[in-house]
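Encoded as structure tokens, the structure appears first; notes follow it.
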There are 2 protein chains.
Amino acid sequence: MELQPLFNYINQFVQLTPEDESILAAKVKIRKYLKGQFVVQNGDICKYENFVLSGCLKTFYIDNDGQEHIAMFAIENWWTADMSSFITQTPADYNIQCLENTVLAQIYYEDLEQFYIQIPKLERFFRIIIQKAYISSQKRVISNFSLPAKERYLQFREKYPQIEQRVPQYMIASYLGITKEFLSKIRSQLIVE
Amino acid sequence: MELQPLFNYINQFVQLTPEDESILAAKVKIRKYLKGQFVVQNGDICKYENFVLSGCLKTFYIDNDGQEHIAMFAIENWWTADMSSFITQTPADYNIQCLENTVLAQIYYEDLEQFYIQIPKLERFFRIIIQKAYISSQKRVISNFSLPAKERYLQFREKYPQIEQRVPQYMIASYLGITKEFLSKIRSQLIVE
């Protein structure tokens, strides 16, 4: 059953009954993307909340100078969306692009609103998931202001060892808010230490 | 009834019954703070989620150089907490301090967990509230990167006209991530225009 990883994930927080799973399975779409394809593009409306069944994605925005800033990555068992666009159904600020061939379980906005009514425990589930996302974004703001780049890189490696291995270095530099040359210097120093 | 503004606020999103209100009233604490007092201090655990009945607060952190960075303000009908500390019951990164004499409705962590069981519609309420907080923090990251300081200031004034009037300019500068001299320059330019 292709959606099993999604059910397993949700079951960590609330207990889905077989009936709940059927309701979800009838509506949740599985969609395959090739490396390089976009799940959301800046200016479009983010129509679905995405659970990663396999693959790897980056969420980024382009500043006024055309520079790309990576806000987050996502791999298996992560959720990814432009949350603001999804919740308010207004144009997205962010782009979400596949860094590998990727398979997503997609929940459409209207279906999710319906799920909240049919499976009220999903209110709890998404409340907890969004709390986690919010906490993680707050922690990131703090560490961007208060930790030197080397510490931020070490934290990233420790927290997301799988992403470090799957994503090019220049994207990790963008995520950390430093140049790829500076990241390369930090990495050489760490090898010597 | 002192908690009426809290009930009115919640009723915008879910419908509380008189029984729900009694359950809340039995546990939600009302606490008065003087200007200058701290609701949360960095390193302590944030024990309660706070709804502002009256007053004004700032949430800030201190970087390694001892510099204060204001992450958010809160006035009547806003929620304020170090969400990460509150949810995980671990030491806070942020400080929350009263800028005026302030009255808060405080929900203790254990009580909130109990409320979710006794009043399941509060799952929906807090899911929506946390979504809003998350969206607003994401929008702020984007505008910090992509908008010039003058635009950020105009956005702030438009979005939070009441805060602009109640908070000293140097704190608004800190919130915008600029010096108070630069904010003062922006303001003089705007008067001329």
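The values are calculated or read from the model by the stated rules, or taken from the named source; none is laboratory data. Computed from a predicted structure; not experimentally measured. Using ideal geometry, Cβ is built from the backbone for each residue, glycine included, and neighbour counts are taken over all protein chains shown. The protein model used for the area step is the full one, side chains on, heavy atoms only, and it has no ligands, DNA or RNA in it. Shrake-Rupley method; radii C 1.70, N 1.55, O 1.52, S 1.80 Å.
What is the number of the single condition among (1) charged (D, E, K, R); (2) open to solvent by 50 Å² or more (accessible area, probe 1.4 Å); (3) at pLDDT 95 or above; (4) over 21 Å from B:Phe73 (Cα atoms) that B:Lys32 does not meet? Among (1) charged (D, E, K, R); (2) open to solvent by 50 Å² or more (accessible area, probe 1.4 Å); (3) at pLDDT 95 or above; (4) over 21 Å from B:Phe73 (Cα atoms), B:Lys32 violates only (4). When A:Ala149 is tested against (1) open to solvent by less than 40 Å² (accessible area, probe 1.4 Å); (2) under 20 Å from A:Ala74 (Cβ atoms), just one condition goes unmet, and that condition is (2).
Would you mention how many residues in segment B:98-152 are closer than 21 Å to B:Val40 by Cα, more than 8 Å from chain A (Cβ to nearest Cβ) and without any contact (Cβ under 8 Å) to a residue 12 or more places away in the chain?
2
The residue that is farthest from A:Thr102 (Cα to Cα), among those in segment A:5-29 that are of a type in the set (S, T, N, Q) and open to solvent by 70 Å² or more (accessible area, probe 1.4 Å), is A:Gln15.
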